[in-house]
Structure formats: C-alpha cells, structure tokens
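*Asks:* My questions all concern the structure below.
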Amino acid sequence: AVSSAKPKVADYPFTTLVPNLGVVKVEDHRSFVVADIPGLIEGASEGAGLGIRFLKHLTRNRILLHLVDMAPFDESDPAEAALAIVRELERFSATLAQRERWLVLNKSDLLDEETFARRRDAVLRALAWQGPVYSIAAIRGDGTVRLCGDLMTALEACRAREIADPELAEMESELQTRMQDEARQRIEDLRALRRREARDAREDDFDDDDFDVEVEYLP
C-alpha cells in the first residue's frame, strides 16, 4: 500500500510468505526502503512456523512498524495479538525489543468509529504504549501518506544526527552488531535444541508392543 513492492494480498491471514523490500517515494528526491515482514505468530521466537526466519530480518531496520490487524477474520483479540508479538521480540532479542517502534492500527475502514476506538484503547492499554500511533486502512491507502511522511522525516533526522555526531553513528553500528549477534545466538540455540530433540526422538523410537507379554488363557 505504500511502496513499489508487490506482496500477495488476499482475504486470509499470512498471505505474505517471504520478506518483501520496496522503495517508498515521499517526493521525487526523498525515499526510503521498507521491508514487509510476514506476520508473526505466537511462538515465533521458539521456532514456531517460519517465524525465526522472519525475526532476524527485523535487526536490519532502523524503525519497526508494529502493524496490528484491528478486524481479524477469526475475531481474535487485537490487544492480545499485539502483546504476543511484543513478547516474541523480547524473547528473540532484548536489544531488538528496545528498538524504536511505531504502532500502526490497520483496517480502520472495516469498523465503525466506536468499535475501532474501543479496540484501539484496549491495544494501547495492553502494551502500555507511549510511542507514535497511526490508524490506517492499507487497502485503500487511508492514513498512509501521513505515516510515510513522518517516517521519512524521522529517518532523515536520524541520518543528520549521525553525520553531525560520529560517536552517535558508532553507537548505532554497535547496536546493529549486538542485535545481529543476539539473533544469531538465538537461532543457533534453537538449532541445537532441535538436534537434541531429534536425537532423543531416535533413541526413544521403539514399539511399546515389543515389551508386551501376551497371555493366553486355556480352558
């Protein structure tokens, strides 16, 4: 809805299966790259689904947009879903969880104002949210111009500060390295766990019937 990327769109969840990169042009001479990361599920940090592959891509982003489906097809609670994703970030990388994050509440066009406001307030309470909040209808583009403009301004401000202050640029580089190190360690830990589980499964792979005693009752 905001970039040149062409991810799959459908009326069911998790249609985006791989990260998509797209260029967002705010003006002819102002643009930035956005990464559309597939939706995460609870347990992603533990390797559920394909989540662990997606989470590592977040370490490369300067600002995270936490997109919340405010009108999920399965009628799940948006507040609980939003909180679950925050927990996944914290488990995956403590540093990543502290990354600047903006809250984007999607599908405002599918709810009446009162229902949307009630759900929005519930999400904000669940997350104890203090950062930027945007309400959009991505399929129609409602609210996306303001969001992209604010993102462009924020990213340009970050670049300007780092150019003016080399120490700040070095701190950002160290932060990136720390996040990527934590991501690699988490992935390696999960791989080791999977190897142990596979080994244990092979060792336990026997037929319980092998140890049964058949009793024949004679008249």
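*Asks:* Just to check your reading of the model, which residue among 109, 150 is within 17 Å of residue 34 (Cα to Cα), touching a residue at least 12 places away in the same chain (Cβ under 8 Å) and surrounded by fewer than 17 Cβ atoms within 10 Å (Cβ to Cβ)?
*Replies:* 150
*Asks:* Separate question: Go through the range 141-175 and give me each residue that's closer than 23 Å to residue 23 by Cα and touching a Ser or Thr at 6+ places or on another chain (Cβ under 9 Å).
*Replies:* Result: 142, 143, 148, 152.
This table checks each residue for (1) surrounded by 15 or more Cβ atoms within 10 Å (Cβ to Cβ); (2) touching a strand residue (DSSP E or B) at 6+ places or on another chain (Cβ under 6 Å); (3) of a type in the set (A, V, I, L, M, F, W, C).
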| residue | (1), (2), (3) |
| --- | --- |
| 71 | yes, no, yes |
| 83 | yes, no, yes |
| 93 | yes, no, no |
| 122 | yes, no, yes |
| 134 | yes, yes, no |
| 137 | yes, no, yes |
| 141 | no, no, no |
| 160 | no, no, yes |
| 178 | yes, no, no |
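*Asks:* Considering the range 134-173 alone, what residues qualify as being touching a helix residue (DSSP H, G or I) at 6+ places or on another chain (Cβ under 7 Å) and among the hydroxyl-bearing types (Ser, Thr, Tyr)?
*Replies:* 134, 135, listed by residue number.
*Asks:* Pick from the range 180-219 the residues that are outside any helix (DSSP H, G or I) and either within 42 Å of the chain's Cα centre (by Cα) or modelled with pLDDT of 80 or more (or both): which of them is farthest from residue 94 (Cα to Cα)?
*Replies:* Among those residues, the one meeting the criterion is 207.
*Asks:* Same structure, new question: In the range 62-148, which strands (runs of 3 or more DSSP E) lie fully inside it and hold 3 or more residues that are within 14 Å of the chain's Cα centre (by Cα)? Before you say what the answer is, go through the steps one by one.
*Replies:* On the way: elements: 64-69, 101-106, 133-135.
Qualifying strands (runs of 3 or more DSSP E): 64-69, 101-106.
*Asks:* Here is a further query. Just checking, which of 125, 119 is on the phi < 0 side of the Ramachandran plot, among the basic types (Lys, Arg) and touching a Pro at 6+ places or on another chain (Cβ under 9 Å)? Walk me through it before giving the result.
*Replies:* Details: 125 fails: touching a Pro at 6+ places or on another chain (Cβ under 9 Å).
Result of the check over 125, 119: 119.
*Asks:* Taking the range 14-32 as the search range and keeping residues that are surrounded by 14 or more Cβ atoms within 10 Å (Cβ to Cβ) and within 19 Å of the chain's Cα centre (by Cα), which one is modelled with the highest pLDDT?
*Replies:* Residue satisfying both the conditions and the ranking: 22.
*Asks:* Ok, one more. What number goes with the only condition from (1) closer than 20 Å to residue 32 by Cβ; (2) at pLDDT 95 or above; (3) surrounded by 14 or more Cβ atoms within 10 Å (Cβ to Cβ) that residue 156 does not pass?
*Replies:* With respect to (1) closer than 20 Å to residue 32 by Cβ; (2) at pLDDT 95 or above; (3) surrounded by 14 or more Cβ atoms within 10 Å (Cβ to Cβ), residue 156 is out only on (3).
*Asks:* What about residue 53, is it part of a helix (DSSP H, G or I) and either over 22 Å from residue 156 (Cβ atoms) or modelled with pLDDT under 85 (or both)?
*Replies:* So residue 53 passes the test.
The values are calculated or read from the model by the stated rules, or taken from the named source; none is laboratory data. Source: prediction; values computed, not measured. As a convention, Cβ positions derive from the backbone with ideal geometry for all residues, glycine included, and neighbour counts pool all protein chains shown.
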